[in-house]
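These notes are about the structure you will find just below.
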Amino acid sequence: MIAVLDYDAGNLTSVACAVRHLGHEPEITRDPDVVRSAERVIFPGVGAAGSSMESLEKLGLAAALRDAHSAGKPILGICIGCQVVFSSSEEDGGTGCLGLLEGEVVRFRFAEGSRRKVPHMGWNEVRFTDPHPVLEGIPAGSQFYFVHSYYVEPAEPAVALGTTSYGGIDFTAAVAKDNLVAVQFHAEKSGPAGLRLLDNFLGWSP
């Protein structure tokens, strides 16, 4: 069973539709026991770190995610689900996060007078730096769809799986360690390359 976390964040339906398109039946759930018993977990969402963590804690999903991670279940974080798997975020005045990976989430900062807008929104190339089963069959130079104002800075450079450039800032756009993969972009909205990544995840056995 594929659990898609429902913690009052947006974009869950798009992720579920993409999973169904790939021939699987997901279960959108806010039940911690379902998350713990799932074969694999997708942790998507659109939103802010503070409200996301508040909902995860209130619903008991933060503990369920940590348990699923400790049990070795494959987990895929998408967008805010990529950010809050780290230790902390600058967002909302500073937010303690899940701590599945060590590192911080920081806001894009550009020089005064820069024409670069925040959020970073639209299609951008991801340069994958290391091979990984979830990347199999994705051509070099593939573009993915982003909407975000913050990005992750892993404490361990080795967990970075891919990078993207925006406004002269090279930032980590994908990470992987053990049974956890997380991407800053919206795989479910990223055309054939995003669907291939999702399909690879759904067949991945770490």
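The values are calculated or read from the model by the stated rules, or taken from the named source; none is laboratory data. Owing to the predicted nature of the structure, the values given are computational and were not obtained by experimental measurement. Note that we place each Cβ from the backbone using ideal geometry, even for glycine, and neighbour counts take in every protein chain shown. Accessible surface is based on the protein model in full, side chains and every heavy atom, while ligands, DNA and RNA are left aside. Shrake-Rupley method; radii C 1.70, N 1.55, O 1.52, S 1.80 Å.
Summed over segment 67-93, the residues that are surrounded by fewer than 16 Cβ atoms within 10 Å (Cβ to Cβ) and in a helix (DSSP H, G or I) give a count of 4.
The number of residues in segment 164-188 that are closer than 20 Å to G47 by Cα and over 13 Å from the mean Cα position of the chain (by Cα) comes to 1. For G99, the conditions (1) farther than 24 Å from S51 by Cβ; (2) open to solvent by less than 40 Å² (accessible area, probe 1.4 Å) are fulfilled apart from (1). Checking segment 16-39 against the condition returns a match, with at least one residue being assigned to a helix (DSSP H, G or I), free of Cβ contacts under 8 Å to residues at least 60 places away in the same chain and farther than 26 Å from D199 by Cβ. A Cβ distance below 7 Å, combined with a sequence gap of six or more or placement on separate chains, defines the contacts here; from segment 104-120, residues that are within 16 Å of F146 (Cβ to Cβ) reach residues that are assigned to a loop (DSSP other than H, G, I, E, B) and of a type in the set (F, W, Y) in the pairs V105/F86; R116/F110; V118/F108; H120/F108. Note on segment 41-53: among residues that are outside any helix (DSSP H, G or I) and open to solvent by 10 Å² or more (accessible area, probe 1.4 Å), the one that is nearest to W204 (Cα to Cα) is V46. Under the condition of being open to solvent by 10 Å² or more (accessible area, probe 1.4 Å) and either part of a helix (DSSP H, G or I) or in contact with a Leu (Cβ under 9 Å, 6 or more places away or on another chain) (or both), the residues counted in segment 54-66 number 7.
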